[in-house]
Amino acid sequence: MRVAIPSYQRSDSINKKSLKFLYEQGFEAKDIDLFVANEEEESIYRKVVDSEVNIVVGHKGLIEIRNFIFHYYTEGSKLLILDDDIEGLKSLNYEQENLSDCYNLKTICKKGFELCEEKDQKLWGLYTCANPRFMKKTDEFTSDYKFIIGNLFGCVNCKEMNSLSVLDIDDVERSIRSYLIYGGSIRLNHFAVKTKFLKNTGGAQQENRIDRIHSSIDILLEKYPKLLYTKSKKSGIQKSIILRDMRKTKV
């Protein structure tokens, strides 16, 4: 299994966040491929990260670097892909209905890939937010049509599943395509990552991301009208996209 991190303009924080997180979880620098936008970024990151981290020059842009990553690895490779601003991993204490810090990501990865093999699927991930009340209402894992958030997920590399048409919210379309091709995806519902979406500087937050998200939502609604819908949201993102419950809906 390789660990892939796309990163842009976060050389000042990546050692304090995702790299530190991975080292605390038992991964080594040599396990990690760091994907950057250009040679200038490569030079900057090379000065600050461990020398054994493999830095790969890809392309600038969220979807461009994602597409580059999936074509960089061979079909069928086991990948753990995470954002560059992950701060920690949380697990649900079911009886106490609270969360605790979790340091067994390697075990979680093993479980995710084993369930993928058992269910003949290629994509696994964690719960969408670190909220114990919501997490407690879910099964320990599910294998149907669920949103697999893109801040940390595992996949058995499938270029067809990862052939995407949006400039942002690629995790939504990946979840849809996983369902259409493989009938669902594995979600480990009692684990979630700690991060600060839309608050950290650098990364995908650059260059009018809110506009890109709204444009991507429109594309997905047109392309997959029976598989999702939107609702209003009280944040900078004026609407959010929801995957339909396909147990109740006929495509």
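Here Lys60 and Glu87 are evaluated by their C-beta separation; at R0 = 41 Å the FRET efficiency comes out at 0.95. Secondary structure note: in the chain, about 60% of the DSSP beta bridges are antiparallel.
The Kirkwood hydrodynamic radius of segment 1-40, based on inverse pair distances between different Cα atoms, is 10.7 Å. Measuring r between the beta carbons of Arg46 and Arg2 and using R0 = 25 Å, the FRET efficiency lands at 0.85. Subtracting the Cα-Cα distance of Asp211 and Gln9 from their residue separation scaled by 0.36 nm leaves 70.7 nm. Using C-alpha pairs below 8 Å separated by at least 6 residues, the relative contact order for the chain is 20 percent.
Would you mind getting me the FRET efficiency between Lys231 and Lys106? Use the beta-carbon distance for r and R0 = 22 Å, nearest 0.05. That gives a FRET efficiency of 0.05.
Using a cut-off of 21 Å between Cα atoms, the listed pairs Lys90/Lys136; Lys17/Lys194; Lys16/Lys110; Lys30/Lys110 include Lys16/Lys110 as exceeding that distance. Considering helices alone, the calculated mean residue ellipticity of the chain at 222 nm is -9000 deg cm²/dmol, with DSSP H runs of length four and up weighted by -39500 (n - 2.57) and normalised per residue.
In the chain, taking the dipole from charged Cβ atoms about the Cα centre, the farthest positive-side position among Ser232, Ile217, Ser77 is held by Ser232.
Assuming charge only on the beta carbon of Lys and Arg (+1) and of Asp and Glu (-1), the dipole of the chain about its Cα centre is about 1060 debye to the nearest 20.
Spin-label model, Ile219 to Met246: label points 7 Å out along the Cα-to-beta-carbon direction sit 2.1 nm apart.
At full extension, Lys239 and Tyr94 could sit 49.1 nm farther apart than now, given 0.36 nm per residue minus the alpha carbon distance. The tail of the calculated P(r) for the chain, taken as Cα-Cα distances beyond 27 Å, holds 34 percent of the pairs.
The local environment of Leu99, defined by Cβ-Cβ distances under 12 Å, has a net charge of +2 under the rule Lys, Arg +1 and Asp, Glu -1. Stretched out straight at 0.36 nm per residue, the stretch from Lys16 to Thr138 would grow longer than its current Cα-Cα span by 40.7 nm. Once the convex hull of all Cα atoms in segment 1-118 is built, its volume per residue stands at 117 Å³.
Each reported figure results from applying straightforward, stated rules to the coordinates on display, with no laboratory input. As the structure is a computational prediction, the values presented were derived from the model and not from experiment. A quick note on method: Cβ atoms are made from the backbone with ideal geometry, for glycine too, and the neighbour counts reach across all protein chains shown.
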